[in-house]
Every structure is written in C-alpha cells, then in structure tokens.
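Asks: Handing you this structure, nothing more for now.
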Amino acid sequence: MSAEHAAHAEVHHHPNYLRIWAILLLLLVVSVAGPMVGIKWVTLVTAFGIAVVKAYLVARNFMHINIEKSFIAYMMATVLVFVLLFFAGTAPDVMKDEGQRWEKPAWKAAEAAAATSHGGVHH
C-alpha cells in the first residue's frame, strides 16, 4: 500500500451504514411520537431539532460533506442565511389572516368553529 493510499484511507473512514440507518430510524420514531405527547415545546424539539440532527447525519455520512473543501460549509451557511432572510421578509405578510385587499376566510371559519366547539372560549 502506497503512502498516498494510506493517507487517503486514514482521512476518509467508511462509517457503519447499518448503525447510521438504525439511528435515523430511531430518530424517525421519536419525531413521529413527539407530537403525540401534546406538549408544544416537545413537538417543536422533536420536529425541528431531530430534523437538524438527521440532516447532519445524512450530509456527513452519506453525502460525505465532511471530506469536501471548506467552501462547501460557506455555501451551506450562505444558503441558510438566504432562507432565513426570505422567511423574515415574507412571514409578516403571510402569517396575517387579512390584508389591504385580501383575507383568508377558511382560517377565520376554522377559528370560529374552534371557538364554538370550546363553548365560545377563544384561546
């Protein structure tokens, strides 16, 4: 074995794909069961926190992002910043239930139905 091949083998180890698959499967079960608890913060943690962990595992072990050049990390950070800017720019308008010349009648009907099903108490 040449020195170059040994150096490459040392830098790039092959992960145990079966173990990674089992971890991803366990995280899937937890993320599906989390909302069934009915606690809002548990739902948020299981939905978003576990999704980030799963995305990291896939990118690191299956896409081999960890052995790419550092500009990949800069590109991913740039994309994340643009997504956050897009969300920050559009969320104030999209999350309203009415505007200058539009409204979301289905949203209002759902709120009214929820209020009547709870005895007129609006949360």
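Throughout, read-outs are computed from the coordinates displayed, never taken from laboratory work. Quick caveat: nothing in here was measured; it's all calculated off a predicted structure. Because the Cβ atoms are built from the backbone with ideal geometry, glycine has one as well, and the counts that use them run over all protein chains shown.
Asks: How big, in percent, is the set of alpha carbon pairs in the stretch 70-123 lying more than 14 Å apart?
Replies: Above the 14 Å cut-off, the stretch 70-123 has 70 percent of its Cα pairs.
Asks: Which trypsin sites (Lys or Arg not before Pro) in the stretch 32-88 sit in a loop by DSSP (not H, G, I, E or B) and have at most 14 other Cβ atoms within 10 Å of their own Cβ?
Replies: K69
Asks: Please list, in order along the stretch 45-60, the HN-Hα scalar couplings obtained from phi with the Karplus expression 6.51 cos²θ - 1.76 cosθ + 1.60 (θ = phi - 60°), rounded to whole Hz, x for Gly and Pro.
Replies: 5, 5, 6, 9, x, 5, 4, 5, 5, 5, 5, 4, 4, 5, 5, 6
Asks: Now, a different point. Multiply the residue separation of H64 and V52 by 0.36 nm, subtract the distance between their alpha-carbon atoms, and state the gained length in nm to one decimal.
Replies: Working it through step by step, the gained length comes to 2.7 nm.
Asks: Place a point 7 Å from the Cα of I23 along the Cα-to-Cβ direction; which residues of the stretch 44-87 have their backbone N under 17 Å from it?
Replies: Those under the cut-off are 49-67.
Asks: Same structure again: Note down the net charge around K108, summing +1 for each Lys or Arg and -1 for each Asp or Glu among other residues with Cβ under 11 Å from its Cβ.
Replies: Every neighbour counted, the sum reads -3.
Asks: While we're on this one: Tell me, in nm to one decimal, what length is gained between A114 and L44 on full extension, where the rule is 0.36 nm per residue of separation less the Cα-Cα distance?
Replies: Length difference between fully extended and current span is 23.0 nm.
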